[in-house]
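The values are calculated or read from the model by the stated rules, or taken from the named source; none is laboratory data. Since the model is a prediction, treat every value here as computed from it, not as a measurement. Backbone-built Cβ (ideal geometry, glycine too); neighbour counts: all protein chains shown. For the accessible areas, the whole protein counts, side chains as well, though only heavy atoms, and no ligand, DNA or RNA atoms are used. Shrake-Rupley method; radii C 1.70, N 1.55, O 1.52, S 1.80 Å.
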Amino acid sequence: MYRTTGLPNTRIRVADALRGIAVAGIILIHACEHFNLYWAGLPYRRALVEGLEEPVAEFMWWLLAGKMYTIFALLFGLSFYVQSDNQAQRGRSFTGRFTWRMVLLLGIGLVNTAFYNGDVLVLYALLGVLLPWLGKLPTRWLWALFGILALQPLELFQIAAARPLYVDADVWGDAALPAFTEGTLGDTLRASLRYGQPMTLAWYLNNGRITQTLAMFLLGMLLGRRRLFYDEPGNRRVWGGILAGSLLAAVALAADFGGEGSPLRVMTSAWYNLAQTMALVASVVLLWYGFGAFRRAVGPISAIGRMSLTNYLLQSVLGTAVFYNWGLGLYREVGIVYALLIGTGLVVVQYQFSRLWLRRFSHGPVEWLWKKLTWL
């Protein structure tokens, strides 16, 4: 059984910056997707940017798609480790308290689902209840389990058995679409609550996200145990090795493997996203601790990261208000280029809100509520 080292877990500023980057990236990619209305099949007006739609879309998908959520999941596992280890140092078990915390997160996720049907918090809550039990395992066992999950075992099974596990989500998407494209706010809330999670969980299953998300939780725990996010002796050398290995893996996996939607394509895409994610995380950590100019330039985005849960919910409300019919209905009007500019505006708005809020308070409003209810 794993036991705490007793070393202090001080606030990790670079983790706040990484959370800020992840949330900002999630906002931008969701805006490019019109908050899941990119599949509405309606023609877009592309005045002045006719030739830019495809290259901008390809660049944004390469840069952000599948990477921001893996960073978010990695840091979720890191946060669990820090909280659990702090309680262990006080001689307390965190199992029951964290399980209750996941029940609360499930409720927060359902609130988020009501506005935006692409919520990830429900999945985090369902998988998160495993962490207190997995966190008791010795480090070498956790590494073994991480390796198994990172190999995408469901996809390997499908390849070996020649039996796809695909779940068609179109029945839920088609049922929800009229509420998003033509309905009121009430219609949107009802349709999202009814169809959002089945549609989203089916997408996660079809794209290998369930096992990968749990793998990233475990990796965050393991990096927390190793204290790699602190600038301690030898850590920069380890991050340099991670960066080099991740870049080599990303280059090797950059080609398309298998047909569209095939288990082989899903599996290799997950590995590619993991390699890109770790290259990005390693780069940010090395630059953060190596260059003061980088900390000063990137540090402000930590405000978004310190309120990551609040900002994740806020982007769902603001994004659907901009693109869905209950708000401005701009899904009818703009292509990806203008949608990216709108997403950039949402990031700026949420940054300013976070900065002003944190001048007076130490936690975001949703973080404060979650903490208070956790420690009833």
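Using 0.36 nm per residue and subtracting the Cα-Cα separation, the extra length available between residue 143 and residue 190 on full extension is 12.7 nm. Remark on the range 1-132: hydrodynamic radius 17.5 angstrom, per the Kirkwood mean of 1/r across alpha carbon pairs.
Per the Cα gyration tensor, the range 133-251 maps to an equivalent ellipsoid with semi-axes of 38, 20, 15 Å, ordered largest to smallest. Within the shell of other residues whose beta carbon sits under 15 angstrom from the beta carbon of residue 91, the net charge comes to +3, with Lys and Arg scored +1 and Asp and Glu -1. The calculated pair-distance distribution of the range 225-376 uses every alpha carbon pair, bins of 10 angstrom beginning at 0, and gives 9, 22, 29, 31, 9, 0 percent.
Apply the a/c threshold of 1.5 to the C-alpha gyration tensor of the chain and tell me whether it is rounded, prolate or oblate. In terms of gyration-tensor shape, rounded. Comparing 196, 220, 96 in a Gaussian network model of the chain (Cα springs below 10 Å), the most mobile by mean-square fluctuation is 96. Among 329, 305, 259, the largest mean-square fluctuation in a Gaussian network model of the chain (Cα springs under 10 Å) belongs to 259.
Within the chain, the selection of entire DSSP H helices by a Cα span of 15 Å or greater along the long axis and an average Kyte-Doolittle value of at least 0.0 returns 13-32, 53-64, 68-89, 95-115, 139-150, 170-182, 209-225, 235-252, 263-290, 308-323, 336-358. Summing Lys and Arg as +1 and Asp and Glu as -1 over all other residues whose Cβ lies under 14 Å from the Cβ of residue 78 gives a net charge of +4. Rounded, prolate or oblate: pick one for the range 201-270, where a ≥ b ≥ c are the square roots of the eigenvalues of its C-alpha gyration tensor, a/c under 1.5 means rounded, and failing that, prolate if a/b is larger than b/c, else oblate. It comes out oblate by the Cα gyration axes.
The residues of the chain expose on average 46 square angstrom of accessible surface per residue, using a 1.4 Å probe on protein heavy atoms.
If you run the Gaussian network model on the chain, springs between alpha carbon atoms under 10 Å, then out of 28, 127, 219 the most flexible one is 127. Using just its DSSP H runs of length 4 or more, each adding -39500 (n - 2.57), the chain gives a mean residue ellipticity at 222 nm of -23000 deg cm²/dmol after division by all residues. Can you send over the solvent-accessible area of residue 58, 1.4 Å probe, protein chains only, in Å² to the nearest 10? Solvent-accessible area, nearest 10 Å²: 110 Å².
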